[in-house]
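S.K.: Dropping the structure in here first, questions after.
The values are calculated or read from the model by the stated rules, or taken from the named source; none is laboratory data. Keep in mind it's a predicted model, so treat the numbers as computed, not measured. Heads up, the Cβs are rebuilt from the backbone with ideal geometry, glycines too, and the neighbour counts pull from every protein chain shown. Each accessible area value is taken on the protein alone, full model and side chains, heavy atoms only, with ligands, DNA and RNA left out. Shrake-Rupley method; radii C 1.70, N 1.55, O 1.52, S 1.80 Å.
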Amino acid sequence: APDHHGAVSAPHVVIVGGGFAGLEAAKALRRTPVRVTLADRTNHHLFQPLLYQVATAALSPGDISKPIRSILRRRRNVEVVLGEVAAVEPDARRIRFGDGTVLAYDWLILAPGARHAYFGRPEWEGNAPGLKTLEDALEIRRRVLMAFERAERTEAEADRARHLTFVVVGAGPTGVELAGALAEISRFALRRDFRRIDPRHARILLLEGGPRVLPSYPEALSAKAARALGRLGVEVHTDTLVTEVDAGGVVAAGQRLAATTVIWAAGNQARGLVGSIGAPLDRQGRVLVDPDCSVPGHAAVLVLGDAAAFTHDARYDVLPGIAPVAMQQGRHAARVVRADLAGRPRPAFRYADKGQLAVIGRGQAVADLGRIRLGGMVAWLAWIFVHIAYLIGFANRILVLFQWAWSYLTFERGARLITGVWRPEDGADR
C-alpha cells in the first residue's frame, strides 16, 4: 500500500481501541515488519478494573489512566490516531471515521470494548448510569456525593431517606465492588463530616436478578461475598428483577424503592461498530469469531475482548469479558499477523485461565484461582498485588499503592470532589 509520500510501505495493521486488547496487540507487533495505526475515540488507556474506585472517590482519574501516545512513544512502527470509527468496510479493507475520512488496512484488529446494556430499556440510562468510562465514573461520583449534600439540606424525613438510599443493579464483580465501596464511604470516610445527618444511616441495596451474587464464581465464594457485604451493611436482594427505573428510584420484584442514586451494573453489550461488519452476532451484539479470533468470511479482520464472542473453549460457553482474556487475545492477534506474513497456518487462540478476583471491602475479597479458592484478607492482598502489577506505568503503581495505604490507615477517601455543571435538582445556586 502506498504511504502519503507515494512510496511503497510495509503492510498496514489497523487497531481500533486502546484498551487491554488493542494495547497488547500494538506492543506485541513491535518487531514485526508492519506499520501499525492505533485509533481510539479517547486519548488515554483506562485501567477499567479500578474504575469503580474513581466512581467512589478512592482514586483520581489520572491514577488509573495514561495517554496512549505516551505508552507507545517508543514503538517506532506505531502511529496513534484520535478519532471515533463509525464503520468497517471489510470488502474494501478500510475503516471509516465519523468525520468521513477513511483508513485502509491489510489486517484490522477490532477491540472497541463494550457499553452497558439496559435490556431494551435505553431510557433508563439517564437515571441509572453505568460504569465504562472516566466520564461515567465522574458522573457517578458526583451523584453519590451530591446525595449526601442534599440529605444534609433536607428537612423532610422521607426525602432525606430517599437521598441516603443507594441502589446498585447487578451483583457481578462491578456491582459487588461498587456496593462495598459505597458502604465504606458512608460507614467510615464521611461519618464525621456532616452536622445534620449521620452518613452511617445510608442504605445500600444490591439487586441481582439471579439466585446469587458473583454468579461466575463458585457457590461457596458467592456465599462468602454475600456475608461480607452483609457485615458492611449492604442489603443484598437476589432473585430480584428490576422492571422500572425513573428519577425517583426503581421498581424491583413488584416493590417500589425510593432512591436518588441508582447505578447500573447489570449487563454489557458490544459497541455498535462491530455490527457494521455484517458478521453473525450473539444476543449481546458480539461477533461470533472463528478459533483464530477472525471474523467468518473476513480473515483479515480479528475481533477481540468485549466485542468478541469466543465459543471455542470447552471450559466456557463464551469466554468472559475480563482483562486477562483481552490481553491474551491482543498478543494472539500479533501472532496471527506474523503467521500470515510467514505463510504459516494461523494458530488457534488458547486462553490461559489465571482465575478471577473480586474485592468487597476493606480487607475482604474473594479469589477463584482454579484449585485454590481464597477469601478474606489473603484474597484482598492478592487482589492488591495483581492490580498494582497490571497498572500501566511505574508512577501510577506508586501513587495507587500510596493512596490505598493511606486510605487503609486513615479511612479517608482523597478524591471527594464534586465537579460538573450545577443543576436545578442540586438546590440553590452556589
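S.K.: Could you name the aspartates and glutamates whose alpha carbon sits less than 18 Å from that of K132, not counting residues in the same chain fewer than 8 places away?
M.R.: D40, D63, E84, E123, E177, D306
S.K.: What does a probe at W404 reach in the range 361-376, counting residues whose amide N is under 16 Å from the point 7 Å along Cα→Cβ?
M.R.: 361-368, 375-376
S.K.: At q = 0.19 Å⁻¹, what is the base-10 log of I(q)/I(0) for the range 280-338 according to the Debye formula with one equal point scatterer per Cα and no solvent? Please give it to two decimals.
M.R.: For the range 280-338 at q = 0.19 Å⁻¹, log10 I(q)/I(0) is -0.62.
S.K.: Within the range 99-238, what whole-number % of the accessible surface is contributed by carbon and sulfur, with the 1.4 Å probe and all protein chains included in the calculation? Please report the intermediate quantities before stating the final value.
M.R.: Numbers: 2830 of 5620 Å².
Of the solvent-accessible surface of the range 99-238, carbon and sulfur hold 50 percent.
S.K.: I've got another one for you. Roughly how tilted is helix 323-342, in degrees to the nearest 10 and between 0 and 90, from the longest Cα axis of the chain?
M.R.: 0 degrees
S.K.: Turning to a different aspect of this structure: To make sure I understand the rule: partners must be aspartates and glutamates, Cα under 12 Å from the Cα of K354, and not fewer than 8 residues away in the same chain. Which ones qualify?
M.R.: Counting by Cα, and skipping residues close in sequence, K354 has these aspartates and glutamates nearby: D368.
S.K.: Per residue of the range 281-295, in order, report the coupling 6.51 cos²θ - 1.76 cosθ + 1.60 (Karplus, θ = phi - 60°) as ³J(HN,Hα) in whole Hz, putting x for Gly and Pro.
M.R.: Karplus-based 3J(HN,Hα) across the range 281-295 equals 10, 8, 5, 9, x, 8, 6, 7, 8, 6, x, 8, 6, 8, 8 Hz.
S.K.: Arranged from highest to lowest average of other beta-carbon atoms within 10 Å per residue, in what order do the peptides 164-173, 272-281, 128-137, 181-190 appear?
M.R.: The packing order, highest mean first, is 164-173, 181-190, 128-137, 272-281.
S.K.: By the scheme Lys and Arg +1, Asp and Glu -1, what is the net charge of all other residues having a beta-carbon under 12 Å from that of G18?
M.R.: +2
S.K.: Could you order the peptides 322-328, 19-25 from most to least packed, using the average number of other C-beta atoms within 10 Å per residue?
M.R.: 19-25, 322-328
S.K.: Can you give the Kirkwood hydrodynamic radius of the range 91-162 from its Cα pairs, in Å with one decimal?
M.R.: About 16.5 Å for the range 91-162.
S.K.: Here is a follow-up. To check my understanding: the extent here is largest minus smallest coordinate of the Cα atoms along each principal axis. What are those three numbers for the range 318-405, in Å, largest first?
M.R.: If we take the Cα atoms of the range 318-405, the spans are 52, 34, 17 Å.
S.K.: Follow-up question, since we're still on this one. Consider a paramagnetic label point 7 Å from the Cα of D317 along Cα→Cβ; state which residues of the range 249-292 have an amide N under 11 Å from it.
M.R.: Counting backbone N atoms under 11 Å from the label point, the list is 283.
S.K.: Shifting gears a bit: Considering the Cα trace of the range 1-94, what is its radius of gyration and what is Dmax, both in angstroms?
M.R.: My reading of the Cα-based Rg and Dmax gives 15.5, 52 Å.
S.K.: Determine which residues of the range 52-66 fall in the zone a paramagnetic label at F394 would reach in this model, i.e. backbone nitrogen under 19 Å from the point 7 Å along Cα→Cβ.
M.R.: 63-66
S.K.: How would you order 363-376, 300-313 from highest to lowest mean count of nearby Cβ atoms within 10 Å?
M.R.: Highest-to-lowest ranking by the protection proxy: 300-313, 363-376.
S.K.: Kindly state, as a whole number, the per residue volume in cubic angstrom of the convex hull around the alpha carbon atoms of the chain.
M.R.: Working: hull volume 66.2 nm³, N = 430.
Roughly 154 Å³ of hull volume per residue.
S.K.: May I have the pair-distance distribution P(r) for the range 42-82, computed from all Cα-Cα distances with 5 Å bins from 0 and rounded to whole percent?
M.R.: Bin by bin from 0 Å, the calculated values are 6, 24, 25, 17, 13, 9, 6, 1.
S.K.: Using only the Cα atoms, work out Rg/Rh for the range 199-281, with Rh taken as the Kirkwood radius, to two decimals.
M.R.: 1.08
S.K.: At a temperature of 10 °C and a viscosity of 1.306 mPa s, determine how fast the range 219-349 diffuses translationally according to Stokes-Einstein, using the Kirkwood radius over alpha-carbon pairs as Rh; express D in µm²/s, rounded to the nearest whole number.
M.R.: The calculation lands on 88 µm²/s.
S.K.: Next up: Evaluate Rg over Rh across the range 261-418, taking Cα atoms for both radii and Kirkwood's formula for Rh.
M.R.: Using only Cα positions, Rg/Rh for the range 261-418 is 1.05.
S.K.: Å³ per residue of the Cα convex hull, for the range 81-211?
M.R.: Details: hull volume 24.0 nm³, N = 131.
Hull volume normalised by residue count: 183 Å³.
S.K.: Next question, about the same structure. Can you figure out the FRET efficiency of L82 with T419, using R₀ = 30 Å and their beta-carbon distance, to the nearest 0.05?
M.R.: 0.85
S.K.: Given labels modelled 7 Å from the Cα in the Cβ direction, how far is it in nm from R256 to R153?
M.R.: In this crude spin-label approximation the distance works out to 2.5 nm.
S.K.: If you average the alpha carbon positions of the range 321-386 and of the range 123-178, how far apart do those two centres end up, in angstrom?
M.R.: 31 Å
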